[in-house]
Structure formats: structure tokens, C-alpha cells
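**Student:** First, the structure itself, so that you have it in front of you.
The values are calculated or read from the model by the stated rules, or taken from the named source; none is laboratory data. All values derive from a computational prediction rather than experimental measurement. Positions of Cβ are backbone-derived with ideal geometry, glycine not excepted, and every protein chain shown enters the neighbour counts. We work out accessible area using only protein heavy atoms, side chains counted, and drop any ligands, DNA or RNA first. Shrake-Rupley method; radii C 1.70, N 1.55, O 1.52, S 1.80 Å.
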Amino acid sequence: MSRAGACRSGARSAAPGRSRPGCGRERLAYILPLTLGIVFVILYLNFGGAAQTLLVMTGVPFAAVGAIWTLYAAGFNTSIAVWVGMIALRGVAAETASVMIVYLDEAWTRGREAGALASVDDLIQASLEAGAKRVRPLLMTVLTNVFGLLPVLLDDGVGSDVAKRIAAPMWGGLVSLTLLTLLVIPAMYVVWRSPQLRRAAPAAPPAVAPGPAAEPAAHG
């Protein structure tokens, strides 16, 4: 019998709420890519372009950096609870980064319509102004989640061992996600839009060589 069949038969024969060891990890091997694919499709339908979607999806591995370091500092091994926290972190990362992309896209559209984006320096300035508008709501969202998860991380009651492993990757991932959203995504957006701005810039007219000077007419 295959491993998948053993998991299904074991799930039917096991007591409620229990499953065969290793079966949960096997299901996660399908669930994790599926959730990434669903998030990608939703973002693509929202932005209507693959470039913005890929910029948003960069938040997933960047948020995972903080999550992994937090798990290492807390001494937690990977488990079902940890992967549940990582899946929840993916949704928060995509949501936070997508809002920044919306602000940057609006600044790009307004600047192009007004003719204010004539150079890469103008694009950088517009991106900085758009990113500055996102600082306060981003910090409010992140700090609310960070302080809201602290009681879970510091609790020692019944079930806290599982709850801590769900909250730890989210807590650390939110910290690195903040740096990504405020610093990395605007810079990557400028790098992506700069070639489009150069191609759209009007070419300078060719220089006209001065003609020979006219000779003065001879007077008789």
C-alpha cells in the first residue's frame, strides 16, 4: 500500500483528532504549494499583471527570514503548528506588500498623466512620497499584531506549547516583512519601472550643423 493510501486508511481507523505520524507533513507538501498558487492567482487577477504580482510575492521568502530566525532563537523544531503559522504569515505578507504596490502604482499613474515623471530621479521621488504615505498604517498594523501575539508567546498554560509554535513564525516574520515593505519593495519598483520610463522618454532632436557663412557681396 502506498503512503497516501496508508494515511487515508489510518485516518479512518484512528481516534478522532488523531492521525498517523508523518501523514500531516505529507498533506502539507500539497497544501503549501496550493496556497501559494491560490494567492498568486488572486493577486494576478487584482493587479492584472505578472510583474506586480511577483513583487508582492517577494514578501513571502523575506518574511520567512524573520520567521526562521525566531524559531531558531526559541529553539522550536518544524512541526504542523509551525507550518500553520507560516501559512498564516504568507497571507499577511501578501496583504501588506500588495497595499504598498497599490500606493506605488497610483503614484506612477498620476505622475504619467500629469507629465511629472520625466526622469528616473522623478520616479524615485514619487516612490518615496508614495512609500511615506504607507509608513503609519503599516506600523500600526504590524505593531498591533506584534503586541497581540506577545501574550501567546509568553503564556505557559495548557496548549501554550502548540500556540507558541503558531505565533512564533508570525511574530518574527512581521518584523522582517516591515523592512521589506518599507525599503525593498519601493526600490524594486523603481528598478522595474525605470526601463519603461527611459523607453517612453522623447528622443532629443538631432543637432544641425552650421552651414557655410555667406560671402559678402563685392561692391563695384
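**Student:** Taking 0.36 nm per residue of sequence separation and subtracting the Cα-Cα distance, how much length would be gained by fully extending the chain between Asn77 and Tyr44, in nm to one decimal?
**Tutor:** 8.5 nm
**Student:** Sticking with this structure for a sec: Quick one: accessible area per residue over region 71-213, 1.4 Å probe, rounded to a whole number of Å²?
**Tutor:** Accessible surface, normalised per residue, equals 57 Å².
**Student:** What shape does region 123-196 take by its C-alpha gyration tensor, where a ≥ b ≥ c are the square roots of the eigenvalues and a/c under 1.5 counts as rounded, a/b above b/c as prolate, and the rest as oblate?
**Tutor:** Since a/c reaches 1.5 and a/b is larger than b/c, the shape of region 123-196 is classed as prolate.
**Student:** With a sphere of radius 14 Å drawn around the Cβ of Ile87, what net charge do the other residues whose Cβ falls strictly inside it have (Lys, Arg +1; Asp, Glu -1)?
**Tutor:** +3
**Student:** Set the Förster radius R0 to 30 Å, insert the Cβ-Cβ distance between Glu113 and Leu179 as r into 1/(1 + (r/R0)^6), and round the FRET efficiency to 0.05.
**Tutor:** 0.40
**Student:** Using all alpha carbons of region 110-149, what is the percent of pairwise distances in each 5 Å bin, ordered from the shortest bin to the longest?
**Tutor:** Whole-percent P(r) values from 0 Å outward: 6, 21, 18, 14, 11, 11, 8, 7, 4, 0.
**Student:** Still on this structure, please answer the following. Could you give the length gained on full extension between Asp105 and Val135, defined as 0.36 nm per residue of separation minus the Cα-Cα distance, in nm?
**Tutor:** 9.2 nm
**Student:** Shifting gears a bit: By how many nm would the segment from Gln125 to Tyr30 grow when fully extended, if each residue of separation counts as 0.36 nm and the alpha-carbon distance is taken off?
**Tutor:** Gain in length upon complete extension: 29.9 nm.
**Student:** Between rounded, prolate and oblate, where does region 20-81 land on the alpha carbon gyration tensor, with a ≥ b ≥ c its root eigenvalues, rounded for a/c under 1.5, else prolate if a/b exceeds b/c?
**Tutor:** The shape class here is oblate.
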